[in-house]
Each structure stands twice: as structure tokens, then as C-alpha cells.
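Worksheet for the structure shown next.
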Amino acid sequence: MDRDKLNEEISQCLSAEYQSVWIINAETLDMSLYVANEQASIPNSLEVVKAFNSYETARKWYVRHCVQEQDKPRLLQQSTVENVLNKIAGGEPYYIEYSRIDNEEVNYNQLHFARLGPVEQKVEFFLLGFRDIDVRKKAERDDLTGLYTRQVFVQKAERLLKENPQVDYDLMISDIVDFKEINEIYGVAVGDKILRWVGTYLAPAIGDEVVVGRYGGD
């Protein structure tokens, strides 16, 4: 790919989306970090990843050290070079959402992959950007349980069914027996603690084929 054309595409990505992006050689998997300007702030984790200088070792380090436990297997599977190149071959960007550990708190992030160069040619370089989608993701989640809100649950379930008409899905509905009495006897704080525990137990099941939401009070 022409170097001037590559630099032009990188500049467009930086100005439109990010303060920094990684450009990865699809054949050698060597990585180069590009920043919008010399004063751009690069998170420490990216500086550590930079030291590896290879996409394969960098992604494994990042998943192992920076990603929530329940998202690690999915992120490792979806971020392989083979899967990424297959997803972006036609020119459409590819996104992977996950929860990241940030100062012992959960922060929602998104990996953004895009090919560089003409669609009719073999992918020589592809782009990797990091988006902070914490505000949007937390708007989708119930504050107490961390599960999808009722409205978002319905939206995601409908989309799943529409996009996969050939697949049969199970619908499970559950509640906590005598939850009202628990609140009345032990107090709302204890009831909330139970709901948080249920959310912690169920949230890891959320994925590409599973939608879990808080549909009602209990």
C-alpha cells in the first residue's frame, strides 16, 4: 500500500475518532502506534502493549491484565487475526465490546477494527482503535444488578431473533420467592444486596447469543 495513502487514512482516523490508533501489518503482525499530536496522552497499559511490538502477544497480554474475567474467553476468540481479517475484508468496520478493569472498577470499552486500502485488494494493514463507551453502556444497564434494563433487553432480544431466524432460542423468566417479605423483614438494603448477588451471578452469561435483563422488581 502506498505510504502517503496510508498516512492519509491514518490522519483521517485520528481526526475523526481517536487520539491514538494502532496500525497492524496483516502479514507480519508488527504494530505501530500513531498519536494525534506529541502531547496526546497514552494510557500506561498501551505503553506496555507497545513494548511487545506484535499484535498476537499484545492482545493476549491486554486480555489477561485489563479485561474482566467473564469477557476474556470471548475477547480472545473474537480478536484473532483470522476472525478480524475475515470481518473487515469487505470494507465494513468490526467492533468488539467488553468490560475493562479500571482502578478496580468496571469500565465498558470497544475495540474498533478497520481495513486500510482498497476493498478489491488484499488487506495489507488494518487499524485498531479503542473507544470508551462507558456512558452509553451504563445507560443500557440496570444500576443495581448490572443486567440490561427491561427496554434494552427487549430491543436486544428482538434483534437477536430477527438476525438469526434459523435458530431456536429458549426464554427463561425467574423471580425471587417472597422478595417483598425479604424487604419488609430485613430491609431494602438487604434486598438490594441480594439483587446485586443475582446480577453478579447472571451477568457473565451475557454474550453474542445470550441476553439477560432485569425485567421487573425481583
Q: Would you check if F126 is out of contact with any Lys or Arg (no Cβ under 6 Å at 6 or more places or on another chain), of a type outside the set (D, E, K, R) and open to solvent by less than 100 Å² (accessible area, probe 1.4 Å)?
A: no
Q. Could you say whether any residue in segment 150-167 is in contact (Cβ under 8 Å) with a residue 60 or more places away in the chain, over 30 Å from A58 (Cα atoms), assigned to a helix (DSSP H, G or I) and β-branched (V, I, T)?
A. yes
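Tell me, please, whether a residue that is of a type in the set (V, I, T), within 21 Å of E69 (Cβ to Cβ), surrounded by 13 or more Cβ atoms within 10 Å (Cβ to Cβ) and in contact (Cβ under 8 Å) with a residue 40 or more places away in the chain can be found in segment 176-198. Show your work before the answer.
Looking only at segment 176-198, we keep the residues that are of a type in the set (V, I, T), and these are 176-177, 182, 185, 188, 190, 194, 198.
Now drop any that are not within 21 Å of E69 (Cβ to Cβ), which leaves 198.
The next check asks that each one be surrounded by 13 or more Cβ atoms within 10 Å (Cβ to Cβ); those that pass are 198.
Within this subset, residues satisfying the condition of being in contact (Cβ under 8 Å) with a residue 40 or more places away in the chain are 198.
Scanning segment 176-198 turns up at least one residue that is of a type in the set (V, I, T), within 21 Å of E69 (Cβ to Cβ), surrounded by 13 or more Cβ atoms within 10 Å (Cβ to Cβ) and in contact (Cβ under 8 Å) with a residue 40 or more places away in the chain.
Taking the residues in segment 104-123 that are charged (D, E, K, R) and closer than 30 Å to G199 by Cβ as candidates, determine which candidate is surrounded by the most Cβ atoms within 10 Å (Cβ to Cβ). Can you show your working first?
Of all residues in segment 104-123, those charged (D, E, K, R) come to 104-105, 115, 120, 122.
Among the residues that remain, those that are also closer than 30 Å to G199 by Cβ are: 104-105.
Details: E104: 5, E105: 8.
My answer is E105.
Per-residue answers, yes or no, for (1) assigned to a helix (DSSP H, G or I); (2) modelled with pLDDT under 65; (3) surrounded by 13 or more Cβ atoms within 10 Å (Cβ to Cβ); (4) not acidic (D, E):
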site	(1), (2), (3), (4)
E8	yes, no, no, no
L14	yes, yes, yes, yes
V21	no, no, yes, yes
Y34	no, no, yes, yes
E38	no, yes, no, no
T57	yes, no, yes, yes
R64	yes, no, no, yes
D71	yes, no, yes, no
R74	yes, no, yes, yes
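If you check V210 against the conditions, is it out of contact with any Asp or Glu (no Cβ under 6 Å at 6 or more places or on another chain) and open to solvent by less than 90 Å² (accessible area, probe 1.4 Å)?
On the way: out of contact with any Asp or Glu (no Cβ under 6 Å at 6 or more places or on another chain): yes; open to solvent by less than 90 Å² (accessible area, probe 1.4 Å): yes.
The answer is yes for V210.
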Q: Report yes if G216 is exposed (fewer than 11 other Cβ atoms within 10 Å of the Cβ), of a type outside the set (F, W, Y) and not in a helix (DSSP H, G or I), otherwise no.
A: yes
Q.
Can you report the number of residues in segment 76-86 which are of a type outside the set (G, A, S), in contact with a helix residue (DSSP H, G or I) (Cβ under 9 Å, 6 or more places away or on another chain) and either buried (at least 16 other Cβ atoms within 10 Å of the Cβ) or assigned to a helix (DSSP H, G or I) (or both)?
A. 6
Q. Of all the strands (runs of 3 or more DSSP E) wholly in segment 89-149, which have at least 3 residues that are touching a residue at least 60 places away in the same chain (Cβ under 8 Å) and either within 30 Å of A26 (Cβ to Cβ) or of a type outside the set (K, R) (or both)?
A. 105-116, 125-132
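The values are calculated or read from the model by the stated rules, or taken from the named source; none is laboratory data. Model, not experiment: these values are computed from the prediction. Here Cβ is always computed from backbone atoms with ideal geometry, including for glycine, and neighbour counts include all displayed protein chains. For accessibility, only protein heavy atoms count, side chains too; no ligands or nucleic acids. Shrake-Rupley method; radii C 1.70, N 1.55, O 1.52, S 1.80 Å.
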